[in-house]
Amino acid sequence: MAPKGQEQSKIEDLINPVAYKSNLQALNFLRNFVAVVAGIFVGICGVVGWHGFVYHFLAQLACVVAMFLKGCTNPTSYFATWNNLLFFGVFSSTTLLSYILFWMIFYNICHVF
Amino acid sequence: GTGCNKLRNITLHRQKDFAYALPAAVSNRLIRRSKDFVIRSGYYKLIIVTSIARLLNMEGAHPLLLDHAVRDWVFIPLTLAIVLMKLLTQYMHLLFNTPPPTNKELKELREMQAVARAGRLRGFGRFIPESSFKMRKDYFAGEKGIFSHKAVTRSPQEAMATDPSVMVDMMKKNLTGMVPQLAMGMVVNFFFQGFVIGKVPFPLSPRFKPMLQRGIDLVSLDVSYFTSLSYYILLLFGLRGAFSLVFREDVIDETEMMRRQMNPMAASPMGVDMDAMFKSEKAALAAVDYEWELESAEERAVDILRRQLKSKKN
């Protein structure tokens, strides 16, 4: 993960666009991956009902923890704001739909079969 | 052959368990008694009672037991087929996606770059001294400036008429995008029609019924069960996420194309009406508020030093 570049003052931030974009791409990749894996896990366990979505959001929060472990000690120097790290891809339709899809596939294969 | 027979022979067992019968009995009695309520008390009580009855009925819904043959012969092959088809379209798109032929002349290129440079001048003008800024502004927007000449670039309509390569490009994009998906949808609808394929893990309201159960008209069938056509569409949307893991670049091509089709001001690679762009750039350049960064640099430096000294003191 590349650091964002120097911040000269609080008023104007010079953001290195290449680094910022690559950081966001890494976060996006992690979020998609965790959505798929969580969907498979939840489907195999056979969770039924709306509270299955809670696991999805738990997994997305675990991404933030994973980012901290990866070395992102100061989020403002790697992502623009704290909110960006927390909420970037969480409500995007690709992660949610892939979670639902894999949950459905594995639930069907294991429990409705 | 025997495969066809197995597909048609789906048994539906209703489990007459007491746990499922009880809420159904209670809810039926509630529905019958609710009609008495209408005569005695108000309409709102009927709504409350029937909604509770419906809730109980949903939880005590009889689960369908689907045949193993459906799994073997429909669910897994359909998933595999759609995954392979998506892979194929992705690769076709990568192979056939040559960049549009640059058959522009020097003048057209010059105009496009002039527009880009003017935009950059507006954005970052504060880094150059005032006289240079004025010189550049005059070069672009002045009396004899670039933007005062008539644009040489053809508008996209003329370009489409004269250049056949644009049509070929658009046809290629359409072919590798929507057409295989539509064709596959028709194939799926033809072969796997009229039966239920699986269950969605969470309960849904009855409004989702026409969406999830296209060809089936059973009123009492639980909304959580879906047919193969709706499963196909779910697969199309859900595999986007999984594919973006494998292909790191932009995978969502059909959503981009749909968005582009819905947006009438499509950004085509040709010069989109250069005259209008010239006019807008000229007006924007005249309206820019110029201030040299270096003028306020001393104050900002003092500010920063002051803050640092303050933080050092504490």
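Within the range B:187-200, none of the residues are surrounded by 18 or more Cβ atoms within 10 Å (Cβ to Cβ), out of contact with any strand residue (DSSP E or B) (no Cβ under 6 Å at 6 or more places or on another chain) and farther than 18 Å from B:Val70 by Cβ. Scanning the range B:82-97 for residues that are in a helix (DSSP H, G or I) and either open to solvent by 70 Å² or more (accessible area, probe 1.4 Å) or within 14 Å of chain A (Cβ to nearest Cβ) (or both) yields B:Ile82, B:Val83, B:Leu84, B:Lys86, B:Leu88, B:Tyr91, B:Leu94, B:Leu95, B:Phe96.
Determine whether the range B:247-258 contains at least one residue that is at pLDDT 80 or above and among the basic types (Lys, Arg).
No, that holds for no residue.
Taking the conditions exactly as written (open to solvent by 40 Å² or more (accessible area, probe 1.4 Å) and in contact with a helix residue (DSSP H, G or I) (Cβ under 9 Å, 6 or more places away or on another chain)), does B:Pro210 satisfy them or not? Spelling it out, it is not the case that B:Pro210 is open to solvent by 40 Å² or more (accessible area, probe 1.4 Å) and in contact with a helix residue (DSSP H, G or I) (Cβ under 9 Å, 6 or more places away or on another chain).
Where helices (runs of 4 or more DSSP H) fall wholly inside the range B:133-231, the ranges with 3 or more residues that are modelled with pLDDT under 80 and not hydrophobic (A, V, I, L, M, F, W, C) are B:156-162, B:164-191.
The values are calculated or read from the model by the stated rules, or taken from the named source; none is laboratory data. These numbers were taken from a predicted model, which means no experiment stands behind them. With ideal geometry, Cβ positions are generated from the backbone for all residues, glycine too; neighbour counts draw on all protein chains shown. Please note that ligands, DNA and RNA were not included when accessible areas were found on the heavy atoms of the full protein model with its side chains. Shrake-Rupley method; radii C 1.70, N 1.55, O 1.52, S 1.80 Å.
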